[in-house]
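What follows is a set of notes on a single structure, which appears directly below.
The values are calculated or read from the model by the stated rules, or taken from the named source; none is laboratory data. These numbers were taken from a predicted model, which means no experiment stands behind them. All Cβ positions, even for glycine, are placed from backbone atoms using ideal geometry, and neighbour counts span all protein chains on display.
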Amino acid sequence: MTGRQWRAIIDIGVLVSGSGSNLQALIDTPDLGAEIRVVVADRPGIKALGRAQQAGIPTFVLPWGEFGSRSEFSTAVADSVEEAGAKVMVLAGFMRILGSEAVRRFPDRILNIHPSLLPAFPGANAVAQALAHGVKVTGVTIHLVDEEVDHGPIIAQRAVPVLPDDDVAALHARIQVQEHDLYPRVVRAFLAGEVTVVDGEVIWR
């Protein structure tokens, strides 16, 4: 039985695919306890890259379509983060599944945020899935990444009620409000060593 507790990790790499609103929340957190060494995107021209550049953070674009396999792409992502000097990956709206090549090189050091209360509604379109199923409550999950989709030990969750007149845009907007508050808090706690992983279980101290 082993426990991993990551103390004094000061450098992170953030992976993005879209607007980068969660990236911005991390950038705007003055006491995050880490330097964002690099922002890696899976496609060019996205708003998240502009946010990073405006903040003076180096960026790296790895277009998904230029790789022959998930394995090659995942290796390139891990290489980019490591070469930037980062020791933790923070996925912020990153829409690609990382393969085992990345997960094994960053064991218990890849965080992801997902717009549902996992294990409910994994994968893409989680907000639309919640509405289609008629649930009364959905929310946000922050978890460690393993080799399965939207799986891995859950670090934190926060519930968001579904209102009778919600559509995807309205519900997603309210979920994002909670994401932008919760994700920096969890990242800060993780980097401060307040989160321990023991035999696949998350323990807060």
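Miscellaneous remarks
- Hey, Gly65 more than 15 Å from the chain's Cα centre (by Cα) and either at pLDDT below 95 or not charged (D, E, K, R) (or both) or not: yes
- If the condition is being of a type in the set (Asp, Glu) and closer than 22 Å to Leu111 by Cβ, then segment 157-184 contributes Glu179, Asp181.
- Exactly one residue out of Gly139, Gly93, Gly123 is more than 19 Å from Asp199 (Cα to Cα) and in contact with a Gly (Cβ under 6 Å, 6 or more places away or on another chain), and it is Gly93.
- Test: residue in segment 182-202 that is modelled with pLDDT of 95 or more, over 29 Å from Ala86 (Cβ atoms) and in contact with a Leu (Cβ under 7 Å, 6 or more places away or on another chain): no
Listed here are the residues, each with its yes/no results for (1) over 24 Å from Arg43 (Cβ atoms); (2) touching a residue at least 40 places away in the same chain (Cβ under 8 Å).
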site	(1), (2)
Glu72	no, no
Ala84	no, yes
Ser100	no, yes
Arg104	yes, no
Asn112	no, yes
Pro119	yes, no
His133	yes, no
Gly139	yes, no
Ile155	yes, yes
